[in-house]
Amino acid sequence: MDMRTPLGRVRGLGSAKEGTDHFWKQRLTAIANIPLVIFFVWLIVSLNGASHAEVTARISSPLVSLALLALILSVCFHMKLGMQIIIEDYVHSEGPKIALLILNTFFCLALALAGGFAILKLGFGG
């Protein structure tokens with residue numbers, strides 16, 4: 001027995017009007033994180049014991065910089081989605097829930113900006 005409205009059935013949306021959008025974003029970022037984290041671990045292992053100049057030279061490579069930027073963006077977005085679900089599921093008062101959702105968004109944005117700035121600064125030889 002389906003409790004959705006006919007319009008909800010056609011659009012595939014649930015009661016929160018988001019449907020599976022959040023679910024798919026979470027899964028797609030998880031899939032994207034697999035090769036990106038493997039690349040990151042390989043990069044860290046390969047740079048073990050390297051000098052600052054060698055690390056800067058490696059990160060200055062456009063391919064490495066782009067991969068690290070993609071990693072930062074994907075991980076931060078994945079973290080935002082995961083924490084959003086936890087907050088929505090376990091914080092029952094409306095006021096604190098909204099405040100925590102806002103803080104979650106700004107925290108993840110701040111991490112992405114700081115990480116992106118660091119990669120770009122190293123990538124452009126700063």
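No lab work stands behind these numbers, since they all come straight from the coordinates. In this text, all values refer to a predicted model and were calculated from it rather than measured experimentally. In this analysis, Cβ positions are derived from the backbone assuming ideal geometry, glycine residues included, and neighbour counts consider all displayed protein chains.
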(request) Can you pull the one-decimal nm distance between simple spin-label points at ILE44 and ALA57, each 7 Å off the Cα toward Cβ? (result) 2.4
(message) So if I place +1 on the C-beta of Lys and Arg and -1 on the C-beta of Asp and Glu, and nothing else carries charge, what would the dipole magnitude of the chain be about its Cα centre? I want it in debye, nearest 20.
(response) 220
(message) Given points 7 Å out from each Cα along the Cα-Cβ axis, report the LEU109 to LEU28 separation in nanometres with one decimal.
(response) 2.1
(message) Along each principal axis of its Cα atoms, how long is the chain end to end? Whole angstroms, biggest number first, please.
(response) 63, 31, 22
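To the nearest 0.05, what FRET efficiency results for LEU101 and VAL37 with a Förster distance of 25 Å applied to their C-beta separation?
0.45
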(request) Work out the FRET efficiency for ALA70 and LYS121 from their Cβ-Cβ distance, taking R0 = 22 Å, and round it to the nearest 0.05. (result) 0.80
(request) Could you line up SER74, SER93 from fewest to most neighbouring Cβ atoms inside 10 Å? (result) SER93, SER74
